[in-house]
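The values are calculated or read from the model by the stated rules, or taken from the named source; none is laboratory data. Quantities reported herein were computed from a predicted structural model and do not represent experimental measurements. So basically every Cβ, Gly included, is an ideal-geometry build from the backbone, and we count neighbours across all protein chains shown.
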């Protein structure tokens, strides 16, 4: 009898604990799809009134640099981010945020060389320095780095989670699930990859693909615990230092947590069927969650090239497409670059996004969970 009573009490206690910590309810936002203006963190025309009024643009994506927001340990200044967002909200548009952990010192602004606050290094976290570009590349599996990076996610969530105007937050670990941004560094200094893999963290570990995979999953879990209402995105470009070997596993893990997934680098020839007839895993994931893609590069006002990208988005069942500023301007009336053919392409792309959103498994109307 005593055993039965104790068991009953334990069950009641478990229910009470579960009630005290509600599960995340990250419902899709409306509009559940669309073309996004890639506002970056350094583009001067993000408050262009003609762009804000473009009916084919759902909203904008802004990149958040940790080192620019939390320059002092524990003190976050969100004023610049709020300033970026404000014109879009005033225009009745939506926004998305991307926390950019790893950047390239070859990009135009000085802060891209130092995306991590200096006090994180002073606290003991280790990083890789690419000397030719001056880029400080975080070792995101370093325990000191993880502690403070995950705290920054909590601070970001405290500020924005549940805001109905926020379409999603890109919390991608590393650089598009790369240990670092390969691009220019690999072209100019291919030997750096070997140097990078030998750098020790504050607890003495060095890179391995297994450590990378475990860290990605830890990072996804941390974001899952932190953001309770806002949809989350992970962009999947590489599955480790050696290539994309873990890409499908990482994508499956993210989708199992109901994250959006996608890639940065969509071009006109992307995602055509292979010779063996195998479809991309993104096709399967599109039936379970929303897909986000970013153009590989600007179409430079070429309507034919821009249409090829929209058709690639259509093939892969994309819900959100990040469009380069130059291509939005070429399709926006009143701009010097305006081309009616580009405007028609943007209209076509917006219709494609909307159609795919309606057929996605998670495209049910959202009861406003916002603050």
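Report, by residue number, each residue of segment 105-116 that is surrounded by 21 or more Cβ atoms within 10 Å (Cβ to Cβ) and either in contact (Cβ under 8 Å) with a residue 40 or more places away in the chain or closer than 14 Å to residue 66 by Cα (or both).
Start the filter on segment 105-116 by keeping residues that are surrounded by 21 or more Cβ atoms within 10 Å (Cβ to Cβ), which leaves 105, 112, 115-116.
Scanning segment 105-116 gives 112, 115, 116.
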>> Being assigned to a loop (DSSP other than H, G, I, E, B) and either modelled with pLDDT under 95 or surrounded by fewer than 19 Cβ atoms within 10 Å (Cβ to Cβ) (or both) is the filter here; which residues of segment 192-205 pass it?
In response: 198, 199, 200, 202, 203, 204, 205
>> Need pairs with beta-carbon distance below 9 Å; first residue touching a residue at least 40 places away in the same chain (Cβ under 8 Å) and at positive phi and within segment 155-183, second surrounded by fewer than 21 Cβ atoms within 10 Å (Cβ to Cβ) and assigned to a helix (DSSP H, G or I); sequence gap 6+ or separate chains.
In response: 174/215; 177/247
>> Looking at segment 242-257 only, could you name the residues that are in a loop (DSSP other than H, G, I, E, B) and at pLDDT 95 or above?
In response: 257
>> Among the residues in segment 353-361, are any closer than 24 Å to residue 96 by Cα and modelled with pLDDT of 95 or more?
In response: no
> Which members of segment 296-351 meet the condition of being in contact (Cβ under 8 Å) with a residue 60 or more places away in the chain and not in a loop (DSSP other than H, G, I, E, B)?
Replying inline: 320, 321, 322, 323, 325, 328, 329, 343, 346, 347, 349, 350
>> Can you find, within segment 206-240, the residue that is farthest from residue 320 (Cα to Cα) among those that are in contact with a helix residue (DSSP H, G or I) (Cβ under 6 Å, 6 or more places away or on another chain) and assigned to a loop (DSSP other than H, G, I, E, B)?
In response: 207
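Could we say that residue 146 is modelled with pLDDT of 95 or more, over 13 Å from residue 130 (Cα atoms) and surrounded by fewer than 16 Cβ atoms within 10 Å (Cβ to Cβ) here?
No; evaluated as a whole, the condition is false for this residue.
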>> Restricting to segment 154-191, give me the number of residues that are at pLDDT 95 or above, part of a helix (DSSP H, G or I) and crowded, with 21+ Cβ neighbours inside 10 Å.
In response: 2
> Could we say that residue 88 is buried (at least 21 other Cβ atoms within 10 Å of the Cβ), modelled with pLDDT of 95 or more and over 16 Å from the mean Cα position of the chain (by Cα) here?
Replying inline: yes
